[in-house]
Amino acid sequence: MDDRADCSPIAPPTAPEVVEVLARHGYRMTRPRQAVVAAVLARRKPFTAEQVVTDLKVSDPGLGRATVYRTLEILASVDVLTRLLQPGGNPAYVVGSPGHRHHLVCSECGDTVAFTACPVDELVRDLTRDTEFAIHGHLIEVFGVCPGCQDDAPVGAATVVPALAS
């Protein structure tokens with residue numbers, strides 16, 4: 001099988017799809033959750049909980065910080081959001097359709113691309129066998145420079161990409 005087919009970008013979910021996922025997990029779509037979901041789905045780049053709080057202070061000033069944080073945690077628990085580390089090591093969220101996925105993260109603009117190809121399945125099997133760990137998941141974040149940022153770089157300029165911990 002050609003793995004390149006698994007590397008194509010994954011479209012983010014729509015609001016009705018998020019409502020369906022929440023309902024499948026026993027959550028109702030309350031007005032505050034609806035506001036948070038709308039704010040989250042409007043984002044195309046990784047974001048922090050505080051950025052969502054700031055956005056909603058303007059459009060929904062009565063919505064509390066705790067509600068935003070709880071809703072983000074619910075969305076992460078049902079796999080609508082993924083927590084990831086940005087190149088500087090700061091935690092953020094990114095919207096994605098439920099399912100196993102990994103992310104390419106631009107170290108210049110923060111843009112992300114989700115992909116489903118999983119190059120570590122064999123490694124996980126070997127680690128399980130060799131360590132007797134009951135491995136239940138893994139995260140892969142690949143950092144680089146997106147085509148838009150490459151086009152914006154001055155000719156001859158080198159881009160420094162943060163080193164990943166091994």
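Since every read-out is calculated from the coordinates, none of them should be taken as a lab result. Owing to the predicted nature of the structure, the values given are computational and were not obtained by experimental measurement. FYI the Cβ positions are ideal-geometry reconstructions off the backbone, even for glycines, and counts take in every protein chain you see.
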Of all DSSP beta bridges in segment 3-152, what percent run antiparallel (nearest 5)? 70 percent
Only Lys, Arg, Asp and Glu count, each charged at its Cβ (+1, +1, -1, -1), so figure out the dipole size of segment 3-152 about its Cα centre, rounded to 20 debye. 820 debye
Under the Karplus relation 6.51 cos²θ - 1.76 cosθ + 1.60, θ = phi - 60°, what is the ordered set of whole-Hz ³J(HN,Hα) values for segment 50-57, x standing for Gly and Pro? 5, 5, 5, 4, 4, 4, 6, 4
Counting sequence-distant residues (5 or more places) and residues on other chains, those with an amide H built under 5 Å from that of ILE140 are HIS103
Bin by bin, in steps of 10 Å, what percent of the Cα pairs in segment 3-152 do you find, going until the bin that has the longest distance? 10, 35, 34, 17, 4, 0
Vicinal HN-Hα couplings computed from phi for segment 119-130 (Karplus, 6.51 cos²θ - 1.76 cosθ + 1.60; Hz; Gly/Pro x): x, 10, 4, 5, 4, 4, 4, 5, 5, 4, 5, 6
